[in-house]
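Presented below is the structure to which this report refers.
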Amino acid sequence: MRRSGGFTLIELLVVLMIMGLIVGLAAAIVRPDDRGLLRVEAERLAQLLDLAAAESRLTGTPIAWTTDGADYLFWRMTPEGDWTEVRDSDLLRARALPPGMRISGLRVENVPARGAMRLQFAPYYGASLSFTIDLSLGDARYAVAASPIGELQVVPGEGDASG
């Protein structure tokens, strides 16, 4: 008997199973989990706040940061004393958080913010306000914490189920 040059059904099923496993692993590696996505966003926010504080000191102009929980804005004080949204900087532009992510709290000098969440960076050197901004996505929690010497760091937040 002569055998044809094709594959058997078992060989095809094994190849399809291996390909499915590889695609599944690649998808899990490429798509970050909630905790990883939240950490990236918290680090971005920490860097932007550090930039805003440095720009305030260098230009001598107060800069503020505000949020409604789902997005955040940077503001600059005009020479007339009015606040205007920063629109001339690609880095300090208005930003929306990814779907499901929230800024869930702000504490300045360990006192929770009442009403609108707002930070103001003054254009002088010396001691800064210490503050903590809480971010959440699902069960994941991270916080951007600033010390009185102006050092910013991202730390796992309170109530983080994973860490």
Could you check Arg57 against (1) closer than 28 Å to Gly36 by Cβ; (2) in contact (Cβ under 8 Å) with a residue 12 or more places away in the chain and say which number it fails? (1)
Every residue from region 107-116 that is in contact (Cβ under 8 Å) with a residue 12 or more places away in the chain and more than 15 Å from Ala145 (Cβ to Cβ): Ala116
Hey, could you check region 133-158 for residues that are among the small types (Gly, Ala, Ser) and surrounded by 20 or more Cβ atoms within 10 Å (Cβ to Cβ) and say which is modelled with the lowest pLDDT? Gly157
Can you pull out the residues in region 107-132 that are closer than 12 Å to Tyr72 by Cα and crowded, with 16+ Cβ neighbours inside 10 Å? Met117, Leu119
Restricting to region 84-106, and then to whatever is out of contact with any helix residue (DSSP H, G or I) (no Cβ under 9 Å at 6 or more places or on another chain) and buried (at least 16 other Cβ atoms within 10 Å of the Cβ), can you tell me which residue is nearest to Ile149 (Cα to Cα)? Leu106
Filter result for Gly69 (assigned to a loop (DSSP other than H, G, I, E, B) and in contact with a strand residue (DSSP E or B) (Cβ under 6 Å, 6 or more places away or on another chain)): yes
Restricting to region 72-88, name every residue that is among the charged types (D, E, K, R) and assigned to a loop (DSSP other than H, G, I, E, B). Glu80, Asp82, Arg87, Asp88
So, Ser104, is that one of a type outside the set (D, E, K, R), in contact with an Asp or Glu (Cβ under 7 Å, 6 or more places away or on another chain) and free of Cβ contacts under 8 Å to residues at least 40 places away in the same chain or not? yes
Kindly evaluate Thr59 against the criterion of being within 19 Å of Glu43 (Cα to Cα) and of a type in the set (Val, Ile, Thr). no
If I filter region 72-80 for residues that are modelled with pLDDT of 90 or more and closer than 20 Å to Arg141 by Cα, do I get at least one hit? yes
Condition test on Arg95, is it basic (Lys, Arg) and closer than 17 Å to Ala54 by Cβ? no
Taking only region 29-66 into account, find how many residues are aromatic (Phe, Trp, Tyr) and assigned to a loop (DSSP other than H, G, I, E, B). 0
Of all residues in region 89-148, count the ones that are assigned to a loop (DSSP other than H, G, I, E, B), of a type in the set (Gly, Ala, Ser) and closer than 15 Å to Asp34 by Cβ. 2
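The values are calculated or read from the model by the stated rules, or taken from the named source; none is laboratory data. Model, not experiment: these values are computed from the prediction. Neighbour counts are summed over all protein chains in view; Cβ atoms, including those assigned to glycine, are modelled from backbone coordinates with ideal geometry.
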